[in-house]
Amino acid sequence: MHVLPYLVAVHLFLTGCYGLATSRNLIHAVGCLAVCQSATYVLLLAVGYRDGGTAPVFSDVRPGSRPVVDPVVQALTLTDIVVGATVTALLLALVLQIAKRHGTVDPDELRELRG
Amino acid sequence: MRHLLPLLVALPLLGAALLAATGRRLPRIAVEITGFVVCGGTAALALVLLLNSSPPMTEWVGAWPPAGRESVGILVVGDGPALGMATLASLLTLAALAYSWRYFDAPPHGLTGAFTALMLVFQGAMCGFALAGDLFNAFVFFELMSVVAYALTGYRIDEAKAVQGALTFGIVNSLGAYALLMGIALLYARTGELAMARIGHGLDAAGPGGPDALVLTSFVLVLTGLLVKAAAVPFHFWLPDAHAVAPTPVCMLLSGVMVELGAYGVWRVYGTVFAGPGGIPAADLTRVLVTLGALTAVTGAVMCWYQRHIKRLLAYSTVAHTGLFLVGLGVLTPEADDGVALYLLGHAGVKAALFACAGALLDRFGSVDEHSLHGRGRPLRATGVMCAVGALGLAGLPPFGTALGKAVTEEAVGGPLTVVYVAASAITAGAVLRVTARVFLGLGPRPRDAEYETSGSDEEPETTGLLSRIPDTMTTVPAVLLAAALAVGVSPGFGTLVARSVGRAGPGDAHAAVHWTAHGVLLGVASTVLAVALAGLAVTRPDRTAAPGWAAPLRRLQSGHVGDYVAWLLVGTTVLGALALPGVLGY
C-alpha cells in the first residue's frame, strides 16, 4: 500500500517524458511538462503522509494530541505549484509566439536550429 | 556582517520590482541609471562580503535559527566559493548592462524597464543559487534563474529562431529542475532535513553501512538537474540553441556564469551532502564526472570546430570548457578545485568578451556567419584585436587567468586527461582564431558552404538598425573583461587567495599555494601553438578541414527537435545511474 504513491509518481514522470519525446504539438508538450511536474507533487505529498494523521492546522487540534501530516512538504508543494504556474505560463506564451512566427506548433517542422 | 547576506538577493529583486512598477513612466536614461546603481551596489556588497568571508558566515534568514535538532529556517551560506560566484555573477551583470547601454535602441513601447528589470532578477537569482545553504531554496533559485533566462533568451519575440530556442531551453531545463526536486524530496524522506549540511549528517547517521538504492536514486536525480544546467553531454543540447538566439548581453551572462553555476552546484552538493560515508563513494563521483566531463569536452570541441554561426561556435566552446571544469571537479583533490575556480574566473571574462565581439559584428553587419562575413570585418580593428586576444586566452596562453587555472587543474588531474585539456582548449581557440583571421583579416579563400548547418547570415541585428560605427560601450566592455581575465593570472597572490577561500570551504581546510610552474607554462604555450596551427591550416587549406564522415552523425544529433533532447535527457539520467551503481553494489 505504501509503495503505491511512489509508483504513481514514477509512472507520472515517465508518462510525461514519453509525451514530451513523442509530442507532435507544442501545446501538448507543455501539458506533458506539467504532467512531469505533477509527479513531483505526488512524491512530495507521499513523503509527508503519516498514517492516521490529520491536516496540520492547529485551530481545533491541540498540539501533540494526535499525529499530523508533515506541513513542510505541503509548503514545498505549494511553492512548486507557483513555480510550475510561472513556467507553464511563460512556455505557453512562447508557443503562442512560435505559432505566429513559424505558422506551426509541430516540433517536427521546427528544425532551423540544427548542427 | 552575516546579516547582510540576504541583501544580495533582496536588493536586485527590489530594484527589479521598482523598475517593473515605474519603468514605463521613466525616461530610458533614468531606467538605465537605476539598473546600474542597483546592480553595482549589489556587486560592491558582494565584494565587501567576499573580503570578509573567512571564517565562512552562515545566516538563518528571518532569525529562525534551528531549535535543537529541528530546523525550519532558510539557511544562507557565505563562504569563499559562494560569495565568489555571487560577485562574479554581479560583476558580469554589470558588464552586460554597460554593454547594452546603446543596445535595443528603442525598447518596445511601454516596456522601458523590462530588460533591465529582468537582468536584475537574473542577478538576484544567480546570487541566491550561489548562496543557498539548503537544497529546496537552491531549487527555487535554480528555477527563478531558469525562468528569467528563458524570458531573456526569447526577449526578441518577433524573431522566429529566438522563440524556438527559448522554448527548447525552457522545456529541457524545467524537466531537469523537476528531476532535481524529486531528488530533494527523496533526501528529505530519508533525513527529514533540507539544509545541505544537515542532510549530509542525516545520510551518514542513517546509513553507516553505505549508500542504498534511495541514496543512489536521489544522487542521480539531483545530479541530472544540475548537469542539465551545466550542459554536460548528453544534457547539453539546449545550450547551443539558446545561446545562438539570445541577445548578446544575455549570452555573456549565460555562458559566463549561469552554466558554470551548474558545475558549482555539483561541487557544492557533492561536498556537503553526498561526500560522507552514507553518501556516494568518491570513486563513483570521479567515474561519473570524469567520464561525462571528458565526453563533454570532446563533443563540445568537435562541434565547435565545425560551426560557421559565430555565436553557436562560442556556445559549443562553452560546452567544451564546462566539460573541462567537470573533469577537474571530478578528481576531488583540493588543488583541482583551486584550479577550476581560477579557470572559471578567467573563462568568464574571456567568453563574455568574445560574445561581446560577436554582438558587435551582428549589430554592424546584421550577420554572425563566418562565411558571409569573410573579410568584411577589416574596418573593426579594435574588435578584431580583442577577438584574437580572447582566442589566445581561450587557448590558455600564459599569463591569462585561464592558463593559470588550466595549468593547476592539469597538474592535479594528471595522466592522459592532460591530453583532453590541451586538445579541447586548442581546438576551441583554434576555431575562434580561424574566425578572426577570416572575418577581420580576410585571409584565405572564401570557404565553401557545407550542406548540414545552421548559417548565421540573415540574423536580425539587435539594435534598431545596422550600426554605422560600434559605440564605445561595446568596445570598452570586452576590453575591460579581457583585462580582468588577464589580471586573474597576473596579479601576484590572487591565485593563492582564491585557493585559500576555496580550501577553507572544502573538507579539512586543505589548501595549496597556487603558482605558475614550468610544466604548466609549457602546456599552455603548447596548446596556443596548436590552436594557431589549426587555425592556419583551416584558413590556408579549407578543403582539408571539411567535416569528415565521423563528425556528421554527431552533428545530426543536434536536430533542433525538443523531443529528441528530452529523450537524450532520459538516456543521460540512465547513464548517470549506471556509472554510479558500482559503489552501491559494493556494499
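No value in this document is a laboratory result; all are computed from the given coordinates. Computed from a predicted structure; not experimentally measured. Every residue, glycine as well, gets a Cβ built from its backbone with ideal geometry; the counts of neighbours run over all protein chains shown.
Can you give the charge dipole size of the protein assembly as shown about its Cα centre, rounded to the nearest 20 debye, using +1 on the beta carbon of Lys and Arg and -1 on the beta carbon of Asp and Glu?
Roughly 1100 debye, rounded to the nearest 20.
Taking a quarter of the surface of the convex hull around the Cα atoms of chain A, what do you get in nm²?
Projected area, direction-averaged: 9.6 nm².
List B:126, B:1 from most exposed to least, where exposure is judged by having the fewest other Cβ atoms within 10 Å.
B:1, B:126
With 10 Å bins from zero, work out the P(r) of the protein assembly as shown over every alpha carbon pair and list the percent per bin.
Whole-percent P(r) values from 0 Å outward: 3, 16, 27, 28, 18, 6, 2, 0, 0.
Helix B:334-365 versus the longest principal axis of chain B: what is the Cα-based angle in degrees, 0 to 90, to the nearest 10?
The helix B:334-365 is inclined about 30 degrees to chain B.
Can you list the residues, at least 5 places off or on another chain, whose amide H is less than 5 Å from the amide H of residue A:54, using H built in the peptide plane?
Amide H to amide H, under 5 Å and 5 or more residues apart or across chains, residue A:54 pairs with A:68, A:69.
Counting other beta carbons within 10 Å of each Cβ, put B:338, B:472, B:564 in order, fewest first.
Result, fewest neighbours first: B:472, B:564, B:338.
Fewest to most neighbouring Cβ within 10 Å: what's the order for A:27, B:29?
Ascending number of Cβ neighbours within 10 Å: B:29, A:27.
Roughly how many debye, to the nearest 20, is the charge dipole of segment B:245-404 about its Cα centre, given +1 on each Lys and Arg Cβ, -1 on each Asp and Glu Cβ, and no other charges?
Roughly 600 debye for segment B:245-404.
Of B:531, B:554, B:332, whose Cα points farthest to the positive end of the dipole of the protein assembly as shown (charges on the beta-carbon: +1 Lys, Arg; -1 Asp, Glu; origin at the Cα centre)?
B:531
Rounded to whole Å, give me the distance from the Cα center of segment B:74-96 to that of segment A:29-91.
31 Å
Percent of Cα-Cα pairs more than 33 Å apart in chain B, please.
That fraction is 38 percent.
Of B:354, B:34, B:412, which is farthest towards the positive pole of the protein assembly as shown's charge dipole, taken about the Cα centre with +1 and -1 on the beta-carbons of Lys, Arg and Asp, Glu respectively?
B:354
Give me the compactness ratio for segment B:1-131, meaning the Cα radius of gyration over 2.2 N^0.38 Å.
Taking the Cα Rg and dividing by 2.2 N^0.38 Å, one obtains 1.16.
Once Lys and Arg get +1 and Asp and Glu get -1 on their Cβ, which of B:71, B:13, B:114 lies farthest toward the positive end of the dipole of segment B:1-131?
Farthest along the dipole direction, towards plus: B:114.
Taking the Cα centre of segment B:1-131 as origin and charging only Cβ (+1 Lys, Arg; -1 Asp, Glu), how large is the dipole, in debye to the nearest 20?
280 debye
Of A:100/B:351; B:161/B:351; A:100/B:229, which pairs sit farther than 26 Å apart, going by alpha carbon to alpha carbon?
Over 26 Å Cα-Cα: A:100/B:351; A:100/B:229.
What does the helix-only formula give at 222 nm for the protein assembly as shown: each DSSP H stretch with n ≥ 4 adding -39500 (n - 2.57), the total divided by the residues, and the result rounded to the nearest 500 deg cm²/dmol?
Using -39500 (n - 2.57) per qualifying helix, the result is -23000 deg cm²/dmol.
Using the alpha-carbon atoms, what tilt in degrees (0 to 90, nearest 10) does helix B:518-540 show relative to the longest principal axis of chain B?
Rounded to the nearest ten degrees, it is 40.
Angle between the Cα long axis of helix B:401-413 and the longest principal axis of chain B, 0 to 90 degrees, nearest 10?
That works out to roughly 50 degrees.
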